[in-house]
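Only one structure is covered here, and it is reproduced in the block below.
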Amino acid sequence: MNLFAREWWRQKSFRRLPDWLAKVPTDVAQEEARVRAVERDLGLPVRAVLLGVLCWYFYYSPWFEQVELLKEGFQEIVRVFFLIYALLNIGAGILLAGMNEVPFRLTREVVLGLGLLDALFLAALTILTGGFDSYLFWMFLVLVVRNALSMPDSTRQIVMNLLVTGSYVTAGLSEMLMTQTEMDILDPPTLQALYPEGAEQPATESVLLRLGLLLLLAACCYGVEVLFDRQRRVQQESREVEQRQRQLESAGRLAAEIAHQLKNPLGIINNAAFTLQRTLKEGKTITQQIKIIREEVERSDRIITDLMGYARLVEGKVEKLDVVEELESALQQVFPAAVKYETRIVRDFAPALPPLLAQRSHLSLVLVNLLQNAREALNGAGQIEVSAHVGEGYSVEITIADNGPGIPPDKLDKIFEPYFSTKEKGSGMGLAIVKHNTELYGGTVRVESALGKGTKFILQFPARTVFRLRR
């Protein structure tokens with residue numbers, strides 16, 4: 001590979017690295033389904049069996065008859081910890097069994113708490129069973145996999161698996177410290193009886209290997225999670241694009257049929273009225289009425305022509321749109337570089353925003369209209385804040401705010417009505433189109449404004465929704 005090719009590969013790889021490392025937004029419905037399957041349906045029976053085994057092991061079996069001096073005292077502490085651990089598991093199990101009746105936010109926190117509790121209790125058992133060389137090391141690997149399955153949220157998963165790894169390291173170091181302390185305080189005969197060949201220290205290579213295995217498994221689980229999540233989203237987006245495109249085509253055909261059926265009789269009425277007007281030129285009263293008829297027919301014809309615009313829905317194409325790219329494109333249209341506006345644009349775009357499945361022209365019309373309104377409200381001078389973040393329920397929330405004069409309170413309820421305008425030469429259709437195109441994709445738009453404090457428009461688009469026909 002020549003130098004140019006290696007440099008190109010390096011730049012491409014590093015450019016894509018933030019996309020791969022960026023936090024993947026969590027689908028709440030998917031997370032709830034996974035918690036139900038892993039923690040409730042599978043986890044509760046397994047926990048019940050393990051608690052029963054541990055109860056017998058702690059209180060009814062002759063275990064650790066020859067434990068070391070310091071570990072014997074620590075064993076009693078672990079027994080008390082087990083009682084607390086069992087009670088907390090029972091309470092969490094009751095909540096998980098009835099998770100359909102409580103907010104999922106509470107269930108998510110309980111799962112997080114259980115993961116931390118399991119790591120701490122397993123670390124305590126590891127101290128009693130050999131530290132770094134304990135056979136319970138494999139249970140830490142099980143915890144890592146369990147966390148990956150029940151915590152699709154990348155931040156929680158990474159933090160919990162790092163805590164699991166830290167618990168293992170802490171348990172190993174604590175066991176070594178307790179053993180060394182015990183050797184220091186024992187008399188030589190007792191020391192010789194307990195450690196005839198001396199206390200064996202775990203090999204550094206073995207400890208590093210186990211620690212590396214834990215970290216590697218945590219990284220692999222996260223990587224597999226990201227890959228499967230991206231593949232699932234691609235498949236869902238493909239299905240939704242096809243479904244939305246079919247619905248748009250149906251809407252276009254319906255609008256074209258309505259327009260065709262209404263334009264023909266309106267054309268006949270208009271021609272008849274025109275003929276009647278020419279025949280009755282001298283009848284001023286009748287002529288005036290016929291003129292009114294023609295004006296109303298022409299107005300109706302314009303409305304039908306606007307309706308035919310919906311027929312052009314079939315001409316568009318549903319695409320997977322990058323919200324940040326669409327916002328930047330709209331900003332360039334409203335604030336072209338060639339025109340020196342005194343408006344300051346403040347951007348606040350979150351990384352790894354989910355894509356929107358929509359026609360580019362529909363979304364562009366929404367953003368351009370809102371930005372134009374903000375620019376006109378500021379008369380070219382002021383500040384406009386544009387932000388995009390992940391909202392609740394795996395949605396995208398777009399905010400466009402200005403520090404202009406604001407909207408009077410008595411007009412806030414009317415600004416989305418067709419033909420209502422607060423500007424002298426406004427058509428009154430801009431915000432009506434914004435509302436229509438937003439609701440077309442299952443979204444919502446709301447406004448916050450106060451006189452002298454500016455205006456803020458908040459758009460919320462569900463990233464997982466089908467095209468909705470307005471009724």
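Numerical summary
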{"item": "Residue within segment 18-25 that is modelled with pLDDT under 85, assigned by TED's automatic domain parsing to the domain that holds residue 150, in contact with a Ser or Thr (Cβ under 7 Å, 6 or more places away or on another chain) and among the hydrophobic types (A, V, I, L, M, F, W, C) present", "result": "yes"}
{"item": "Residue within segment 275-295 that is modelled with pLDDT of 85 or more and basic (Lys, Arg) present", "result": "no"}
{"item": "Identity of the residue in segment 30-46, touching a helix residue (DSSP H, G or I) at 6+ places or on another chain (Cβ under 6 Å) and without any contact (Cβ under 8 Å) to a residue 60 or more places away in the chain, that ends up surrounded by the fewest Cβ atoms within 10 Å (Cβ to Cβ)", "result": "44"}
{"item": "First in segment 225-240 and in contact (Cβ under 8 Å) with a residue 40 or more places away in the chain and at negative phi, second anywhere and surrounded by 12 or more Cβ atoms within 10 Å (Cβ to Cβ) and aliphatic (A, V, I, L, M), Cβ under 7 Å, 6 or more apart", "result": "225/148; 226/24; 229/24; 237/357; 240/357; 240/466"}
{"item": "Residues of segment 163-191 classified as at pLDDT 80 or above and surrounded by 14 or more Cβ atoms within 10 Å (Cβ to Cβ), total", "result": "13"}
{"item": "Every pair of residues 6+ apart whose Cβ atoms lie under 8 Å, when the first sits in segment 92-121 and is assigned by TED's automatic domain parsing to the domain that holds residue 136 while the second is buried (at least 17 other Cβ atoms within 10 Å of the Cβ) and outside any helix (DSSP H, G or I)", "result": "111/151; 112/151; 115/151"}
{"item": "Tally of residues being more than 22 Å from residue 152 (Cα to Cα) and buried (at least 16 other Cβ atoms within 10 Å of the Cβ) across segment 90-115", "result": "0"}
{"item": "Qualifying residue in segment 116-126 (condition: in contact with a Gly (Cβ under 6 Å, 6 or more places away or on another chain) and either part of a helix (DSSP H, G or I) or crowded, with 18+ Cβ neighbours inside 10 Å (or both))", "result": "no"}
{"item": "Filter result for residue 375 (in the same structural domain as residue 435 (by TED's automatic domain parsing), at pLDDT 85 or above and either under 30 Å from residue 232 (Cα atoms) or surrounded by 15 or more Cβ atoms within 10 Å (Cβ to Cβ) (or both))", "result": "yes"}
{"item": "Among the candidates 168, 135, residue that is in contact with a Phe, Trp or Tyr (Cβ under 6 Å, 6 or more places away or on another chain), among the hydroxyl-bearing types (Ser, Thr, Tyr) and either without any contact (Cβ under 8 Å) to a residue 24 or more places away in the chain or part of a helix (DSSP H, G or I) (or both)", "result": "168"}
{"item": "Extreme residue, surrounded by the fewest Cβ atoms within 10 Å (Cβ to Cβ), among residues of segment 378-388 that are outside any strand (DSSP E or B) and in contact with a strand residue (DSSP E or B) (Cβ under 6 Å, 6 or more places away or on another chain)", "result": "380"}
{"item": "The lone exception for residue 351 - which of (1) assigned to a loop (DSSP other than H, G, I, E, B); (2) touching a strand residue (DSSP E or B) at 6+ places or on another chain (Cβ under 8 Å) it fails", "result": "(2)"}
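The values are calculated or read from the model by the stated rules, or taken from the named source; none is laboratory data. Because the structure is predicted, anything quoted here is derived from the model rather than measured. As a convention, Cβ positions derive from the backbone with ideal geometry for all residues, glycine included, and neighbour counts pool all protein chains shown.
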